[in-house]
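Nothing in this text is a laboratory measurement; each read-out follows from the coordinates by a stated rule. Predicted, not measured: the structure shown is a model, and the values here were computed from it. In this analysis, Cβ positions are derived from the backbone assuming ideal geometry, glycine residues included, and neighbour counts consider all displayed protein chains.
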Amino acid sequence: MNVTYDKYSLMVDGSRVFIKSGAFHYFRTPGEKMARDRFYKMKAGGYNTVDIYFNWNYHSPKLGEYDFSGIKDVRKVLQAAKDAGLFIIARPGPFINAEVNAGGLPFWLLKMEDVIPRNRIGTEYKYSPKYMEYISEWYDQIIPIINEFDNVILFQIENEYATDTMEEDYMKELYKMARDRGITCPIFHNDAYFAGLWADCVDIYALDLYPYINPNQNWRQDNFCFDTLDNVEDIFRSAKESSPPFIAEMQSGWFDKWDGSGYKHIREALGDEHINIMTKTALSQGVTIFNHYMTVGGTNWDDLACDEVYTSYEFTAPIDEFGVPQSNFYKAKEINYFIDSFDFTCTEPKDFEFYQENIYSKLRQDNINHCDWLFLRNLNSEETNVALPNGKVVKIRPYDMKICPIDLDLYGCKIEFSDIEIFARIKNEAEEAIFLISDKKAKMYLDGGTIISGEQKDFNNYIFERNGKKTQFIFLTKALADKSWFMGDRIIFNADYVLPNGAVAVDKNTEIAYFDLKYKFGKKNCIVDAFSNSVETKNLHISDVEFCSPEIDNDYNYSGWKKIGEKTDAFSCDIYDEFIWYKSKIPNNISEITLSARHLFAVYINGKEVINRNSYKLEKLQEVPETISVPLNKKILSKSENELTILVQNLGFDKGFSGDTNSPRGLVSFETSPQIPVEFYVRDKLSIEHTQKYESESPYLAKISAEFDVDMREDVFFAKYVSFENFRCRRATIYLNGVKIGRYIKRRNVQEKFYLINEFLKPHNKLDIVVWEKERNIKSNWDFKSDLKNVIILLGTYKKCQLFK
Amino acid sequence: MVIVPEFLIRRIYQKGSLKRLENGASLNLKNVLGPGFISGFNYVKINDVTYEAKDVKFITNNNEIAGTDVSEENPIAFRLGQTGTLVMTGSECVLDGNNKIIIEVMNPEAGKVQLSVEDVV
């Protein structure tokens with residue numbers, strides 16, 4: 001595939017292509033099957049490209065080790081994208097941010113003394129030859145895999161990078177490294193500051209745009225958040241005149257944090273209006289390459305998350321974490337289909353003198369369709385009549401945006417002006433069918449004086465003919481449009497979604513309709529016999545409760561653990577797991593211990609808890625370190641030599657965007673009073689993740705087990721979850737068939753439903769939930785076990801669809 | 001600390017705008033970075049004189065806003081392209097010749113944002 005470009009668009013094998021891309025994280029949606037499912041849905045929604053970050057850390061657990069096998073086999077992911085008919089934007093970092101642990105940099109790399117991650121300290125540039133050496137190693141691994149796929153159309157170096165002095169050698173070296181390894185497609189970087197950064201170091205200048213990054217902000221009220229987007233064409237042209245306007249990350253959702261407001265709030269706050277405004281305004285600014293970040297939500301299973309985010313990386317994406325299209329998907333689909341219907345790859349801005357308060361307007365001349373497109377956006381809080389210079393009045397709902405054709409020549413007629421939304425167009429050489437979305441307040445004005453009202457029922461149609469050619473307008477209500485799928489030469493109606501092979505998915509008995517130009521309308525009944533309810537919940541039966549922290553037990557044998565030196569943090573221990581155990585012995589003359597640990601920790605002496613604390617705190621986007629002093633007495637230190645156990649839960653390393661990936665984790669400091677040297681032995685993970693026996697006397701960590709079956713039919717899409725809505729404990733780690741799939745910490749707005757990732761499900765499943773509870777909730781061991789046996793955990797089916805060929 | 005390179009932040013300051021006032025100084029800012037909010041004026045330092053929020057007012061869009069009235073709960077919008085004048089009172093600070101200026105404000109998303117420039121009077 002030969003990829004070139006000019007100031008308007010990308011060209012693939014000589015043909016202009018409008019790139020409608022969506023971001024997808026294979027590491028958060030593990031396995032080929034899940035990737036394939038999401039890609040098919042993206043394709044069905046009109047995306048033609050998938051943007052993929054390659055996560056160095058995910059593949060390289062140790063220096064010199066790379067794992068591209070099993071669910072980490074990126075070839076299978078890339079092949080699935082190719083099979084779905086998607087182009088690929090490859091983004092192998094080395095740094096990717098993406099709210100992943102350490103921004104995607106391997107832990108072993110961060111530990112290296114002579115490595116300066118990203119060649120910068122704070123904002124100061126500091127070139128690190130050793131860092132470049134390791135990037136070479138990563139590129140040597142990942143680029144040959146990327147090169148196996150000819151549908152890769154763009155390649156990104158670094159990620160949202162800047163320094164005070166903007167030395168170019170790092171970026172230029174990355175560019176050369178990519179080219180030396182055979183990358184032939186255009187190379188770009190995503191400028192987070194929309195300031196033309198690195199434009200001269202890459203082929204195509206691209207930027208990231210997130211107008212809504214503060215969930216406490218009301219973008220409808222503070223509508224100037226679109227100021228940059230509204231002027232983005234000027235930014236592109238002044239940065240690099242010769243390359244097409246490219247928004248490498250265009251907001252289609254936002255991530256939530258541990259102290260956040262919850263995904264429900266963010267989804268409601270953004271609404272469908274936001275993605276509509278973002279995408280249409282980008283079109284109005286001549287953008288011909290966009291990437292909705294994210295288009296597919298994911299899950300921070302295992303230790304994928306950076307410290308900022310919790311298990312769900314739902315991102316309020318058009319396709320949610322469970323793989324289910326949401327209402328912003330349908331809005332994106334409408335726009336994608338529209339772009340497919342009228343080639344938008346070569347347009348110019350055109351003067352348009354117009355002002356009305358809170359109304360954005362932009363006129364573009366279309367060099368391919370030989371018409372103009374008028375973009376109108378209403379940021380008033382009420383419906384507004386927009387009185388145009390041509391005498392037409394367009395009624396626009398609050399926070400809505402319309403694209404109005406002017407003098408658009410069709411086969412059988414000419415649209416003089418219209419504010420009825422165009423959904424899709426199917427055409428052959430003699431005939432075209434244009435699907436429109438009903439809108440009782442909109443009108444279409446045709447050449448010759450005909451006016452068509454937008455107030456129409458499903459499938460109402462109007463036919464116009466001239467010179468042996470025919471145009472048919474067919475109306476769809478918004479509800480039907482959401483369930484209608486444009487497949488190039490036909491449209492399928494009433495389906496939940498469709499696959500590239502034409503298979504349809506429905507969640508109940510449905511009459512599917514088809515339309516193409518040859519056979520017109522056809523129908524097919526789909527009788528769902530694979531399940532009776534597409535949504536359901538039931539209480540999980542707790543089969544077993546066991547205490548599972550033998551590490552805390554008195555006289556636990558830790559002689560096989562790793563002995564560490566004076567420094568106790570995760571880097572010094574060379575342990576990067578979520579859980580780190582520390583064991584030592586202290587005498588009975590200690591009056592106090594003072595420690596700092598990230599992020600949650602508990603101290604046990606002689607098998608008894610003396611403190612259990614959540615030290616996780618962010619203020620103004622910065623981690624707030626906490627040092628705690630714990631007084632000890634003879635009652636606690638009851639022996640001459642007392643067994644000290646510390647368990648630290650690391651919620652992840654900093655993602656490295658505004659903070660430091662190398663901020664310490666684990667036991668950051670530990671001192672005794674009077675000061676004595678303490679010799680620690682360390683080990684990673686909870687016992688249930690090790691093969692050893694884990695039964696214990698200590699009641700602080702308990703494992704709840706439950707089993708359940710799943711009907712895994714090939715013709716059924718399903719998404720399941722466990723819900724902790726009525727769970728009484730404060731912290732838990734969730735394992736599905738031995739794989740860590742979630743971290744539960746009770747907080748006000750944070751997630752209670754955990755996706756049972758399909759990749760890890762089997763016909764018969766075991767769910768283990770390790771509860772790490774504070775002592776105050778434990779009256780007696782028996783009571784605690786009995787309590788846990790009666791906790792309520794719901795097993796739910798979020799969505800089921802049956803597929804029909 | 002937020003990773004916005006200094007050279008970008010410096011673009012907000014309008015070169016040559018520093019003026020000596022009776023018992024203070026004024027200077028002009030223009031937002032050329034992107035739309036956002038100011039959620040606090042931490043301080044303005046000109047040469048050796050530090051002005052706290054109580055000594056600072058921001059005049060923009062014909063409104064005069066006291067530095068102490070701006071907070072996380074009451075942020076002010078600073079749109080792309082918007083200009084404003086910072087007025088500092090309390091003591092004289094402007095020198096003939098080169099002046100060192102540090103302005104530290106709060107932004108709800110980025111935290112502390114510090115602008116450090118030099119200007120000649």
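Quick rundown of the values:
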| item | result |
| --- | --- |
| Spatial separation of Cα centroids for region B:56-73 and region A:478-544, in angstrom | 56 Å |
| Pairwise label distance in nanometres, A:N367 with B:R10, each label 7 Å out on the Cα-Cβ vector | 3.8 nm |
| For chain B: relative contact order, % (alpha-carbon pairs under 8 angstrom, 6 or more apart) | 34 percent |
| Low-density loop positions, trypsin sites (Lys or Arg not before Pro), region A:603-707 - DSSP coil, at most 14 other Cβ in 10 Å | A:K617, A:K634, A:K635, A:K639, A:K685, A:K693 |
| Global geometry of region A:620-702, whether rounded, prolate or oblate, following the gyration tensor of its Cα atoms and the 1.5 cut on a/c | oblate |
| Relative packing of peptides A:268-280, B:22-34 - highest average C-beta neighbours within 10 Å first | A:268-280, B:22-34 |
| Shielding score for A:205-217, defined as the mean number of other chain Cβ atoms within 10 Å | 2 |
| Sparsely packed GluC sites (Glu not before Pro) within region A:326-394, loop by DSSP, other Cβ within 10 Å at most 11 | A:E353, A:E357, A:E382 |
| Order of A:F760, A:F547, A:F329, A:F54 - criterion: other Cβ atoms within 10 Å of each residue's Cβ, fewest first | A:F760, A:F547, A:F54, A:F329 |
| Karplus-derived 3J(HN,Hα), 6.51/-1.76/1.60, for each residue of region A:524-535, Hz, glycine and proline x | 8, 8, 10, 9, 7, 10, 7, 7, 9, 10, 7, 9 |
| Shape of region A:207-284, Cα gyration tensor, a/c cut at 1.5 | prolate |
| Fully extended contour minus Cα-Cα distance, from A:D13 to A:V739, at 0.36 nm per residue | 257.0 nm |
| Length-normalised contact order of region A:347-525 in % [C-alpha pairs under 8 Å, at least 6 apart] | 12 percent |
| Expected 222 nm ellipticity per residue - DSSP helices of 4 or more, -39500 (n - 2.57), all of chain B, to 500 | -500 deg cm²/dmol |
| Assigned charges on the beta-carbon of Lys, Arg, Asp, Glu; region A:129-225 dipole about Cα centre (debye) | 260 debye |
| Gain in span if fully extended, B:E118 to B:L95, counting 0.36 nm per residue against the direct Cα distance | 7.1 nm |
| Sequence-separation-based contact order of region A:550-685, relative, with Cα cut under 8 Å and 6+ spacing, percent | 43 percent |
| Efficiency of FRET between A:K635 and A:K130 - r from beta-carbon atoms, R0 56 angstrom, step 0.05 | 0.60 |
| Residues whose placed amide H lies under 5 Å from that of A:F54, excluding near-sequence neighbours | A:R91, A:G93 |
| Rough spin-label spacing in nm, given labels placed 7 Å along Cα→Cβ, for A:D67 and A:L517 | 5.2 nm |
| Label point 7 Å beyond Cα of A:L761 along Cβ direction - residues of region A:512-533 with amide nitrogen under 14 Å | A:531-533 |
| Estimated D of region A:550-685 in µm² per second, where Rh is the Kirkwood radius over Cα pairs and Stokes-Einstein applies at 25 °C, 0.890 mPa s | 161 µm²/s |
| Inter-label distance, nm, simple model (7 Å from Cα along the C-beta direction), A:R220/A:T4 | 4.8 nm |
| Förster-model FRET efficiency, 45 Å R0, A:A530 and A:K176, C-beta, rounded to 0.05 | 0.25 |
| Rounded FRET efficiency, nearest 0.05, which uses the C-beta distance separating A:Q675 from A:K33 and R0 of 41 Å | 0.15 |
| Calculated log₁₀ intensity ratio I(q)/I(0) where the Debye formula runs over C-alpha points of region A:1-142, q = 0.11 Å⁻¹ | -0.50 |
| For region B:14-19, Karplus couplings with θ = phi - 60° (6.51, -1.76, 1.60), whole Hz, Gly/Pro x | 8, 3, x, 8, 5, 10 |
| Region A:646-776 shape via C-alpha gyration tensor axes, a/c threshold 1.5 | prolate |
| Residues of region A:396-439 with amide N under 19 Å of a point placed 7 Å along Cα→Cβ from A:E465 | A:410-414, A:427-434 |
| Dipole in debye (nearest 20) - chain A, about Cα centre, beta carbon charges: Lys, Arg +1; Asp, Glu -1 | 2020 debye |
| MRE, 222 nm, helices only [DSSP H, n ≥ 4, -39500 (n - 2.57), over chain A, to nearest 500] | -4500 deg cm²/dmol |
| Dipole of the protein assembly as shown [Lys/Arg +1, Asp/Glu -1 at C-beta], most positive-end residue of A:G522, A:N501, A:Y210 | A:G522 |
| Counting DSSP beta bridges with both ends in the protein assembly as shown, the antiparallel % (nearest 5) | 85 percent |
| Of the GluC sites (Glu not before Pro) in region A:531-587, those whose Cβ has at most 13 other Cβ within 10 Å and which sit in DSSP loop | A:E566 |
| Taking the C-alpha atoms of region A:3-338, convex hull volume expressed per residue in Å³ | 125 Å³ |
| Normalised per residue, the volume of the convex hull around the Cα set of the protein assembly as shown (Å³) | 177 Å³ |
